[in-house]
Amino acid sequence: MIQLRLLSLFVLFQYSFANQCIYLIIKSDNTTDRCLNSNCSQFLDIKSLIVQPKICKTDQLSFAFSSYKTFVTFRHGLGWRLGDLFHSEFNSHVNRQLILYLNEINEDDQPFDYKELIHLGIYLDFYIIFVKNYSEWIMSKLKFRCLKFSGFDKYPCTSQILSPLRWISHQQSRFSTTEMISTTENIRKEIKSSTNFILFKMFPRISNIHEEFVKSAANNDLRQIKDLLKYRNVNINGIFAGHTALQAAAQNGNLEIVHFLIENRANLEIEDKDGDRAIHHAAFGNEAKILDLLIKSGADINARNKRRQTALHIGVCKNHIDVCKVLLLNGSHLGIQDFQGDTPLHDTISKKHDELTKLLLDSNADVTIRNNEDFNSIHYSVLCGNLTALELILSKIESRQWILNEKKNDGFTCLHLAALNGHFLIVDLLLNKGNVSIDEQNLHLQTALHLAVTRQDLQIVNLICKKNANVNLIDKDGDTCLHEALRHHTLTQLKQLQEEAQNRKMKNIFSNLTNYDKRPSVEISCLLIMSGADLTIKNKKNQTPFDLCSDSHLCRMLTQKNIEYQKKEKRNENFLECLICSDHSRDTIFYPCLHIVTCHSCANRMKKCLLCKEKIQTKTKIEQCKICSKRKASVAYKPCGHFIACENCVDLKKQCLICRQTIDLIVPFKQLCVEKNDIASTKSEVMTGLSNDTMTLASLKQQLEEIREQVHCPICMDRLKDMIFLCGHGVCQNCGNRVKECPICRKQIEKSIILYT
C-alpha cells in the first residue's frame, strides 16, 4: 500500500493508490480539477466535491479553507457526510483523520460543538483543526468516537480534545473557539521548532500569501510585513482583491509601512481594478502626509484612473482640504478633465465645498474650461445655484467680466441659466455686480426675460425690467415677452375652467378682482406694459399680444396701463429735450454745476448755465458707458463729477475709472436736469429713482425755467429780451447788435425789432 500525502492551498487528499478513486473538484470560481493518485494540484476554496463514497475510501482526508464558515458552506452542499469517505471498520493500527487548515476562525464559530460534529458522520477517529495566527499556527486535536449514530440522540458520539504534544485530556463535549485556542496557548513555544516551523514553511501552498501581505499592510503590522518579505520571499507588489500592500497602507494611513515599502522599491504606479494608484488611495483616505511622501518619492501627481480622475479630483469630491493643499503645493494640474469633462473646480462647485472653491481659485484655476455638456465654471455655478462660488469667481475676474457673457453651444449665457432655473439671488448678483448683457439671445432668440416670463417668475421679471431690458425683442417665432405672458395667462385660465367644470363648481373666475390682479400672469403682463411693451407687435402668425388673450378684462386693464405709460414717457421727454433748440436731446454736462440742459451744438454758445446761472468752466459731451460700451452714460460720480457709467454698471466700481477717487455718491441723469440737485444721502436712495412728489416739483421748476427763458437774453442771461428777430427769437439790444445770425435757429438776421416796455 502506497501512501501519498499532498498538502495544497485549499485541499489535501491522502488515500490508497489501489482504490484508484477520482475526486472531481468544483472550485469557488466555478472551475474544475480532477485528482487521481499523485495528479492532485492546488485548489481554491471548494464549492463542491463529486465522488462516489461507496467506492472511494480513505484513511486521511485534509481540506484547507479561507474560513470556517466557508467549510460549513461546502459541507452543507454535499449530499452525504464527509465521514462516508472513510473506512467503516475500526482499525486500532490506522487512525481515520479529518484535518482542516483554516486561515480564519471567528468567535461565533463552534467547530467542536456536538451540533457541528454530528454532521461529519460516525467513521472518524480524530478531528484536527489548524488555525492560522499570523506567522504561527494553533492546532487543536479532537479524539472522536461514535459508538452509534442517531439523529435524535443528544450526544451520539464522545469527544476528547487533545493538545498537540502533551495530550492533556478534557472531559468536555462542547468547546468554544476561545477555549480551543487557549488550550494550546501554553505549548506554542514548544511547537515552534517542530510542527509550527514545518507548517510555516508549507504555508505558501495552503494559503494566499498576498492576501496576508496586503492585510498586514492595511492593519499596520510592520513586523508581519518584514517577516513575510524575509522568510517567505513574498512579491512586494503582489495583488490581493485587486490591491497592492502599498495601496492598502496608503489609504489606511499607515505612514511607517508606506515608507518601508517605498524603501524596498514598491511600485508606486500599479493600478487597481478601477485604475486607482497609491496616490489615489491616499487621497481617498485623506492622508496628506502619505500623499506628500508618495509625491516626493516620484509618484505621478497627475495620474488618472479609469474615470479619468486625478488625486485632486478625488480630494475635492471628498472635501479633503489638507490633501488638496498638498497636491496644489506640489503642482497638481488644475485643468485636467475627468471622463465627464469636469475639472476639480467643476466638482467643488457641484459639491458646494466653498473653502475648496476659494482654494482652487486662489491657485488660478481656469474658469473658462468647459465640460462635456459645454458648461464652464460660471455656467456650472449658476446651474447648481451656488451663489457663494459665483461671488468668488466674480471677485477673481473683475478685469475679465466679458467672460460672463460667454454662451454655451445652445446660446445660453449664465443669465439665461439663472432665469430658467429661478435663481433670483444669482440673477440679482449678475445684474448688479456682473457686467452681463441683459438682452443677449440664445439660439431660439430668447432673452433671459423670455425665459423668466415663461416660468412665470415675477421676482426675476421685475428685477430684469428694472434694469431697462428691451421688452420688445422677439424670439424665433416672432413672440415678444408680452406674447408669452398672455399666452400663459390664457392657458392657465382654460385649465382652471376645465378643473372647475370637472368639479361641477362653475363660477365667475373674475368675481374677486383683488385676487385676480395678484395672479402672476396678470402682474407680469402689467409689469411688461409699464416697462414699454408694445401692444401692436405681431408674431410670425400675424398675432398681436391681445390676439392670444381671451380675457377682455385683462385686455382693458393692459390698455389703461399702456395709456399711463405713454403719459409718463411724455413727461420724461421734457428732461431729455434741449432747452434751447428743442430739436435734439440733452447730451452735454456743464462743470462745475453738473447740470445737463442743452445739446452739444447749443452748449457751445452758452457761457452760463440756464438753470443755476453759474458760469460754465468746461463742457463735456456725454459719451458711451466706459465700462460696458453698450449704453450711454447716465450717472455722475461724486465728488469727482465724472459722467462715465450707465445705471447698470454703476455698482461695479468703487473708484472712478478716470481719477481713481473713491465714489461717495452717484447722481442719476434726471436729477442733473433740474435746477437743484436734490441728491439723496445714500447710493441706494438715489438709484431707486425720484418719488412722484419730486417728479412733480421738477416739472414745475422746468416750467418756471421755460418762462425765464422767454424773458431773458439766451446769450448773456443777464438782461431782458428787448430785441426780436423775424424768426421769432429774441435777445437783448447789447447782444443783438453784435450778432449776424440768430443764436437759437442760426438763421441770418434780416431785420430786428426793438421792444419798448
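Given an 8 Å cut-off on Cα distances and at least 6 residues of separation, report the relative contact order of the stretch 201-304 as a percent. Don't skip to the answer; put the middle values down first.
Values: 143 pairs, mean separation 23.9, N = 104.
Normalised by residue count, the contact order of the stretch 201-304 is 23 percent.
On a full-extension model of 0.36 nm per residue, what is the gain between LEU665 and ILE616, subtracting their alpha-carbon distance, rounded to one decimal in nm?
On the way: separation 49, 0.36 × 49 = 17.64 nm, distance 2.25 nm.
Result for the pair: 15.4 nm of gain on full extension.
Suppose R0 equals 22 Å; then what is the FRET efficiency for SER550 and ARG455 from their Cβ-Cβ distance, rounded to the nearest 0.05?
Values: r = 22 Å, r/R0 = 1.01.
Between SER550 and ARG455 the formula returns 0.50.
Order by neighbour count: ILE26, ILE279, fewest other Cβ atoms within 10 Å first, most last. Please list the in-between numbers first.
Working: ILE26 16, ILE279 27.
Arranged by neighbour count, lowest to highest, ILE26, ILE279 become ILE26, ILE279.
With a 10 Å radius around each residue's Cβ, average the other Cβ atoms per peptide and rank 354-363, 337-346, 576-585, highest first. Show your work: numbers first, answer last.
On the way: 354-363: 18.6, 337-346: 21.9, 576-585: 16.0.
Per-residue mean Cβ counts within 10 Å order the peptides as 337-346, 354-363, 576-585.
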Distance between Cα centroids, the stretch 353-373 to the stretch 282-350: provide it in whole Å. 13
How many nm separate the modelled label positions at ASN462 and ASN734, each set 7 Å beyond the Cα in the direction of the Cβ? 5.7
Between ASP113 and LYS630, how many nm apart are label points set 7 Å from Cα along the C-beta direction? 7.7
Where the centre of each part is set by its Cα atoms, how far does the stretch 380-425 sit from the stretch 255-269, in angstrom? 46
Taking VAL72, VAL382 and counting other beta carbon atoms within 10 angstrom, the fewest-first order is VAL72, VAL382
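Work out how much length ARG265 to LEU726 would gain on full extension: take 0.36 nm times their residue separation and subtract the Cα-Cα distance, in nm to one decimal. Don't jump to the answer; show the numbers that get you there.
On the way: separation 461, 0.36 × 461 = 165.96 nm, distance 10.67 nm.
Residue separation times 0.36 nm, minus the Cα-Cα distance, leaves 155.3 nm.
Please compute the length gained on full extension between GLN748 and ASP274, using 0.36 nm multiplied by the number of residues separating them and subtracting their Cα-Cα distance.
Numbers: separation 474, 0.36 × 474 = 170.64 nm, distance 9.13 nm.
Value of the extension gain: 161.5 nm.
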How would the stretch 712-757 be classified by its alpha-carbon gyration tensor: rounded, prolate or oblate, with rounded meaning a/c under 1.5 and the a/b versus b/c comparison settling the rest? oblate
Let a ≥ b ≥ c be the square roots of the eigenvalues of the Cα gyration tensor of the stretch 262-323; is it rounded (a/c under 1.5), or, if not, prolate (a/b larger than b/c) or oblate? oblate
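Beyond 24 Å, how much of the Cα-Cα pair distribution for the stretch 209-304 remains, as a whole percent? Don't skip to the end; give the middle numbers.
Details: 475 of 4560 pairs.
The share of Cα pairs beyond 24 Å in the stretch 209-304 comes to 10 percent.
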Packing-wise, with mean Cβ within 10 Å as the measure, how do 540-551, 398-409 rank, highest first? 540-551, 398-409
Between the modelled labels at ASN95 and LEU425 (7 Å from Cα along Cα→Cβ) the distance in nm is 7.8
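Just rank ARG738, ARG81, fewest to most, by other beta-carbon atoms within 10 angstrom.
Numbers: ARG738 9, ARG81 18.
By the 10 Å Cβ count, ascending, the order reads ARG738, ARG81.
No lab work stands behind these numbers, since they all come straight from the coordinates. This structure is a prediction, so every number in the text was calculated from the model and none was measured. Positions of Cβ are backbone-derived with ideal geometry, glycine not excepted, and every protein chain shown enters the neighbour counts.
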